[in-house]
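Down below is the structure, laid out as structure tokens.
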Amino acid sequence: MNRAYNFCAGPAALPEPVLMRASEEMMDWQGSGCSVMEMSHRSTEIVAMTEAAEASLRRLMAIPDDYAVIFQQGGASQQFAAVPLNLAHSDDVVAYLNTGQWSKKAIAEAQRFTNVEVVGSSQASNFTEVPKAEEWSLPANTRYLHYCPNETIGGVRFNYIPEAAVPVVADMSSMILSEPIDVPRFGVIYAGAQKNIGPAGLAVIIVKKSLLGSARSDCPAMLDWQKAADNGSMYNTPPTFGIYLAGLVFEWIEAQGGLDAMAVVNRRKAAMLYDLIDTNDFYANPVEVESRSLMNVPFTLADSSLDKAFLADAEAARLLNLKGHRSVGGMRASIYNAVDESAVATLAEFMTDFAKRNG
Ligand code: PMP
């Protein structure tokens, strides 16, 4: 087998044991004589599989019983609309923190449905930090506060959970399952699957049950969290293969020791890259140290004319998908749960060597 080191921001690397198991089970899932993709979502087996995936996620994140767990299709971007449609009416006010490209997209979508107040922003610093807790406050009448704990493109993370008297809604797409999360501090957590959960096209929503049931009348049925929760995520035909794979990933994380264990390894991985970047003049990362992402590490080369050579040499060394997002340029290494320490060490060695050869 000739697996490459994959630093893609998403769809991202999946744990190899999960891919192996899925390949073993592809033709005949658990003695059913069918692929999991070929079975009715209403069958006892697939309902049980979905329930088992949910139970595993609940154990991993210590999700209390007064929260619903929903699997929905459409990715995280669809939730940018689902959030206001489920939680706010057109004449309400909702609050957003703006810390980068994904915050902006969430804001732009919410503006289509309700009145958005951007209560804090790090735009002035070109999103190299997050607004400090004491730098922003909420207007009295907002329905919720939305923020993005980890901005995948800028590589910026919140090192605190915003305090608010209203439900806190978090787009955790690029950091869910990378560390323990204090779920009761959130009204809604949502995430696209294609980083730390499973294949693209699936979103996971964790919502406090008391927030269900007030979707606006014009909320499409498919985006109504209450309908999804009432139907065990089977209002329509759900992405069963995605849920199956997510279940295998949850099982794999549990076997690794859960989110505490993930967090320890993820901190070591990120430190390996940031230490190198900070001690080698050949590389730079503009993000304020305490706001640096543990999952997405953007970096630039001192001489950007070497960018192409860097990417070509990296690819030749089987280190893939290191090109930074088109909006910021440079490089980005995404080091989600499935990218193990040896992959990150291999990248660090490559970076040191490339700097020596070209510095
Ligand atoms: N939010 C964040 C933080 C993301 O990183 C992404 C995808 N990279 C999205 C939302 C959008 O996700 P999707 O493509 O699943 O809609």
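Among V188, V118, rank each residue by its count of other Cβ atoms within 10 Å, from fewest to most, as a rough exposure measure.
Values: V188 24, V118 15.
The order, fewest Cβ neighbours first, is V118, V188.
Once the dipole of the chain is set up with Lys and Arg at +1 and Asp and Glu at -1 on Cβ about the Cα centre, which of I107, S214, L145 lies farthest towards its positive end?
The listed residue farthest towards the positive side: I107.
Taking 8 Å as the Cα distance limit and 6 or more residues as the minimum spacing, I'd like the relative contact order of segment 133-282 as a percentage.
Values: 160 pairs, mean separation 25.5, N = 150.
Relative CO of segment 133-282 lands at 17 percent.
Explain nothing, just the number: relative contact order of the chain, from Cα pairs under 8 Å at least 6 residues apart, as a whole percent.
Values: 669 pairs, mean separation 85.0, N = 359.
Result for the chain is 24 percent.
Highest first, please rank the peptides 41-48, 262-269, 236-243 by the mean number of other Cβ atoms sitting within 10 Å of their residues.
Details: 41-48: 13.4, 262-269: 17.5, 236-243: 19.0.
Highest-to-lowest ranking by the protection proxy: 236-243, 262-269, 41-48.
Quick check: Cα centre of segment 294-359 to Cα centre of segment 16-91, how many Å?
About 33 Å separates the Cα centre of segment 294-359 from the one of segment 16-91.
For the chain, what does the helix formula give at 222 nm: sum of -39500 (n - 2.57) over DSSP H segments with n ≥ 4, over the residue count, nearest 500 deg cm²/dmol? Please report the intermediate quantities before stating the final value.
Details: 9 runs with 125 residues, N = 359.
Rounded to the nearest 500, it is -11000 deg cm²/dmol.
Take every Cα pair under 8 Å in segment 259-358 that's 6+ residues apart, average their separations, divide by the length, and report that relative contact order as a whole percent. Please list the in-between numbers first.
On the way: 101 pairs, mean separation 31.8, N = 100.
Relative contact order, segment 259-358: 32 percent.
Would you be so kind as to identify which of V297, L322, F354 lies farthest towards the positive end of the dipole of segment 259-358, taking Lys and Arg as +1 and Asp and Glu as -1 on Cβ and the Cα centre as origin?
Projecting each Cα onto the dipole axis, the largest value belongs to L322.
Using unit Cβ charges (K, R positive; D, E negative) and no other charged atoms, how large, in debye to the nearest 20, is the dipole of the chain about its Cα centre? Present the calculation step by step, with values, prior to reporting the outcome.
Details: 28 positive and 41 negative charges, 100 e Å.
Taking the Cα centre of the chain as origin, the dipole is about 480 debye.
Using 15 Å as the cut-off for backbone N distance, which residues of segment 24-59 belong to the label zone defined by a point 7 Å from the Cα of M1 along Cα→Cβ?
Within reach of a label on M1, which here means backbone N under 15 Å from a point 7 Å along Cα→Cβ, segment 24-59 contributes 24-26.
Please enumerate, by chain and number, the aspartates and glutamates with C-alpha under 20 Å from the C-alpha of K132, excluding those fewer than 8 residues away in the same chain.
Excluding near neighbours in sequence, the set is E117, E151, E163, D171, D182, E288, E290.
How do the peptides 210-221, 101-112 rank, highest first, by the average count of neighbouring beta carbon atoms within 10 Å per residue?
Details: 210-221: 14.1, 101-112: 18.4.
Result, highest mean Cβ count within 10 Å first: 101-112, 210-221.
Taking the Cα atoms of the chain, report the difference between the largest and smallest coordinate on each principal axis, in whole Å and largest first.
So the three principal-axis extents are 61, 57, 31 Å.
Peptides 295-303, 126-134: what's the order by average Cβ count within 10 Å, highest mean first? Please report the intermediate quantities before stating the final value.
Numbers: 295-303: 21.6, 126-134: 17.0.
The most tightly packed comes first, giving 295-303, 126-134.
With all distinct Cα pairs included, what does the Kirkwood hydrodynamic radius of segment 112-224 come out to in Å, to one decimal, could you say? Please report the intermediate quantities before stating the final value.
Numbers: mean 1/r = 0.0642 Å⁻¹.
Evaluated on segment 112-224, it is 15.6 Å.
Readers should treat all values here as calculations from the given coordinates under stated rules, not as data from a laboratory. Just so you know, these numbers come straight off a predicted model, no measurement behind them. Note that we place each Cβ from the backbone using ideal geometry, even for glycine, and neighbour counts take in every protein chain shown.
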